[in-house]
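Data first, discussion second: the structure below is written as structure tokens.
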Amino acid sequence: MLSHCWIPFLLIFRNFQVTYIEPGQSSVIEAKNGSKVRVCATPGPVLGPPWQRPENGYLVTSPQGPLTLYYEPHCVYNKNFLEKERADIIITPVIKQLLPNLMLVSGQEDAVQLARMLHAKFIVPMKNGDLDSKGFLASIIQAEGTMESFKELQ
């Protein structure tokens, strides 16, 4: 079993330098072989009480080559922040996940608008709702859209 909360897994990272970045801030990461990537945090969604800090999305750019990746796991983004940016590849959900009167994960039209705004060449769809879950909340979460309906929107 591999989990982000499993102690043996966490011990792998005990000697790593952690750099926390806020939206608008960036950090350059250098690998042992000298290659580098620049990670820029972007504003994402608030996933809890309204006073909670928003989660981050990320633009990852390689200075060695003209390639940029954008990652936001809820397809909730700040248009004003991103409208001047470009990304070759976007990793984001394309199928919405909804509770009654609350969107947990966006997708569909929002993913198409994001791709157009960033002039993306590729979208790597996340399957956030593709899991076997049980319990009350699992019974009321609804998916909206399909991969096929997403492709038709493009």
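The values are calculated or read from the model by the stated rules, or taken from the named source; none is laboratory data. On a predicted model such as this, the values are computed, not experimentally measured, just so you know. Quick reminder, even Gly has a Cβ in these numbers, built from the backbone with ideal geometry, and neighbours come from all protein chains shown.
In this structure, is Thr68 of a type in the set (Val, Ile, Thr), free of Cβ contacts under 8 Å to residues at least 60 places away in the same chain and surrounded by 15 or more Cβ atoms within 10 Å (Cβ to Cβ)? Yes, satisfied.
For region 131-151, filtering for residues that are among the acidic types (Asp, Glu) and surrounded by fewer than 10 Cβ atoms within 10 Å (Cβ to Cβ) leaves 2. In summary, Pro43 fulfils each of the numbered conditions (1) modelled with pLDDT of 95 or more; (2) touching a helix residue (DSSP H, G or I) at 6+ places or on another chain (Cβ under 6 Å) with the single exception of condition (1).
In region 4-24, the residue that is modelled with the lowest pLDDT out of those that are among the polar types (S, T, N, Q) and over 19 Å from the mean Cα position of the chain (by Cα) is Asn15. Can you confirm whether region 85-102 contains a residue that is under 16 Å from Gln25 (Cα atoms), modelled with pLDDT of 85 or more and buried (at least 19 other Cβ atoms within 10 Å of the Cβ)? No, every residue in region 85-102 fails to be under 16 Å from Gln25 (Cα atoms), modelled with pLDDT of 85 or more and buried (at least 19 other Cβ atoms within 10 Å of the Cβ).
Which one is surrounded by the most Cβ atoms within 10 Å (Cβ to Cβ), of the residues in region 32-49 that are under 13 Å from Ile21 (Cβ atoms) and touching an Asp or Glu at 6+ places or on another chain (Cβ under 8 Å)? Only one residue tops the list, namely Gly44.
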